[in-house]
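Everything on this sheet refers to the single structure shown next.
The values are calculated or read from the model by the stated rules, or taken from the named source; none is laboratory data. As the structure is a prediction and not an experimental result, all values here were calculated from the model. Cβ coordinates were reconstructed from backbone atoms using ideal geometry, including for glycine residues, and neighbour counts include every protein chain displayed.
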DNA sequence: ATGACATTGAAAATCATTTTCAATAGACAG
DNA sequence: CTGTCTATTGAAAATGATTTTCAATGTCAT
C-alpha cells in the first residue's frame, strides 16, 4: 500500500485539502530514513518544489501531528525533530552520529508499568521509550579509523 | 545530606562561583516536586529574591545541565522542562494533570537492548524511558467528580 | 463551470533564548 | 583584612524559531 496516499486520504477525511505543497511534504516525511526538523524538511521539499514556503511546512506538520501520523523524536538538545509515528509496541532507535532513525518492535512493558503503579499509586496511561546508539554504517566508519 | 549544598559544591569544584542567585535557583530546583521550565523557575525564584534576572536562570540551568545534575523531561508539546537528573536505572513518571514528577526504579532493560542490537545491527549506548499518567491525588479528584 | 472556503507565500509579529556590556561581587593571595 | 583578578550579574539588544496576518490562489462539492 502507498503510505503517502494513505496520509493524504486521512488529511482529506479530516477536512483538509490535498495540495501540491502538501503532497511534497508528506512524501518527503514518509520516505525519510531519519527524523527531520522543520528546516531540514523545508530544504528537502524545496528541491522538489522550489516555491514552497517554510510557513506551509510548519502548518502541515501541525496537521500531521494532530492526526498522530508523525511524532517528535527526542535528542540531547531537545525534540524539534519529527518522524513517522510509532504504533503499538514500536519505539525509535536513533543513530547519534548520522541521525538515521528506525523503529523497532519493543517488548511489552506492561509488567513494568503495573509494578510502577503498585509502587507509586500513579495510574499510568502512556509511555515513551527511545534508544540511542550507532547504526551499522557509523559503527563501521568508527572501527576503520 | 543536603542536596542543595552538594550541588553548590559541585558548581564550585567546576570553577563556578557560588552566588546568592545561584543558591536560590539550585534550592528551588532541588525542592521542586515537578519539572519546571525556565519561566516557572524564574517566577519561583523571584519570590525568594525579587531582583533575580531571567538571564541568570538560563545561565545557571546551562551549567547544571553540563554537570548532569538536571535533565530535560519530555512532554507532548516538547521538552523545555527540567528536573533533578535520574541516576542508574531510575526514570521519570510524570502526572499529565498536575505535572508532579517522580523518579521510579525501573527494570534493567539490557536484555531488550541486546535483542534490539541483534535485530538491527545498531550499537546501543543510551536509552530514554518515561511514563505518563495520573498521580494518586489527581486520580482521586477525577473519581470524585 | 461555479461558488464557498481552505490554503498559499510573503511580510510582520511574537516568543523563547542568547549575546553584549558595564557594574558588581566572590575567591584567593598576601 | 585588603586588594586583585575575574566570574557573574541584570538590563537591553540581538537572534532564531515559530505563529499570525493578509490578499491572492487553488481545491472540491455541487
| Which number in (1) under 20 Å from residue A:111 (Cβ atoms); (2) loosely packed, with under 15 Cβ neighbours inside 10 Å marks the one condition that residue B:126 misses? | (1)
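A quick yes/no check of all residues on (1) farther than 25 Å from residue A:20 by Cα; (2) in contact with a helix residue (DSSP H, G or I) (Cβ under 9 Å, 6 or more places away or on another chain):
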| site | (1), (2) |
| --- | --- |
| A:50 | no, no |
| A:58 | no, yes |
| A:61 | no, yes |
| A:86 | yes, no |
| A:120 | yes, yes |
| Just one of the numbered conditions (1) touching a residue at least 40 places away in the same chain (Cβ under 8 Å); (2) away from DNA strand C (no atom under 14 Å from the Cβ); (3) surrounded by 17 or more Cβ atoms within 10 Å (Cβ to Cβ) is not true of residue A:33; which one? | (3)
| request: For region A:36-49, enumerate the residues that are away from DNA strand D (no atom under 12 Å from the Cβ) and crowded, with 18+ Cβ neighbours inside 10 Å. | output: A:44, A:45
| Hits in region B:1-28 (condition: assigned to a helix (DSSP H, G or I) and out of contact with any helix residue (DSSP H, G or I) (no Cβ under 7 Å at 6 or more places or on another chain)) | B:5, B:6, B:9, B:10, B:12, B:13, B:20
| Yes/no for residue B:52 being away from DNA strand C (no atom under 12 Å from the Cβ), surrounded by 13 or more Cβ atoms within 10 Å (Cβ to Cβ) and touching a residue at least 40 places away in the same chain (Cβ under 8 Å) | no
| task | Answer yes or no as to whether residue B:79 is within 13 Å of DNA strand D (Cβ to nearest atom), within 16 Å of the chain's Cα centre (by Cα) and either part of a strand (DSSP E or B) or surrounded by fewer than 16 Cβ atoms within 10 Å (Cβ to Cβ) (or both). | result | yes
| List the pairs whose first member sits in region B:104-118 and is under 17 Å from residue A:113 (Cβ atoms), whose second member is part of a helix (DSSP H, G or I), and whose Cβ atoms are under 6 Å apart, counting only residues at least 6 apart or on separate chains? | B:104/A:116; B:107/A:112
| remark: residue B:69 passes all but one of the listed conditions (1) away from DNA strand D (no atom under 13 Å from the Cβ); (2) at negative phi; (3) surrounded by fewer than 18 Cβ atoms within 10 Å (Cβ to Cβ); (4) at pLDDT 95 or above; the exception is number (3)
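Suppose we filter B:87, B:57, B:18 for residues that are crowded, with 18+ Cβ neighbours inside 10 Å, away from every other protein chain (no Cβ under 13 Å) and either within 11 Å of DNA strand D (Cβ to nearest atom) or without any contact (Cβ under 8 Å) to a residue 12 or more places away in the chain (or both); which single one remains?
Values: B:87 fails: crowded, with 18+ Cβ neighbours inside 10 Å; B:18 fails: crowded, with 18+ Cβ neighbours inside 10 Å.
Exactly one residue qualifies, and that residue is B:57.
For residue B:48, indicate whether it is over 20 Å from the mean Cα position of the chain (by Cα) and more than 10 Å from every other protein chain (Cβ to nearest Cβ). Please lay out each step first, then the result.
Details: over 20 Å from the mean Cα position of the chain (by Cα): yes; more than 10 Å from every other protein chain (Cβ to nearest Cβ): yes.
For residue B:48, the condition - over 20 Å from the mean Cα position of the chain (by Cα) and more than 10 Å from every other protein chain (Cβ to nearest Cβ) - is met.
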| note | Scanning region A:99-145 residue by residue, those more than 9 Å from chain B (Cβ to nearest Cβ) and in a loop (DSSP other than H, G, I, E, B) turn out to be A:99, A:108, A:145
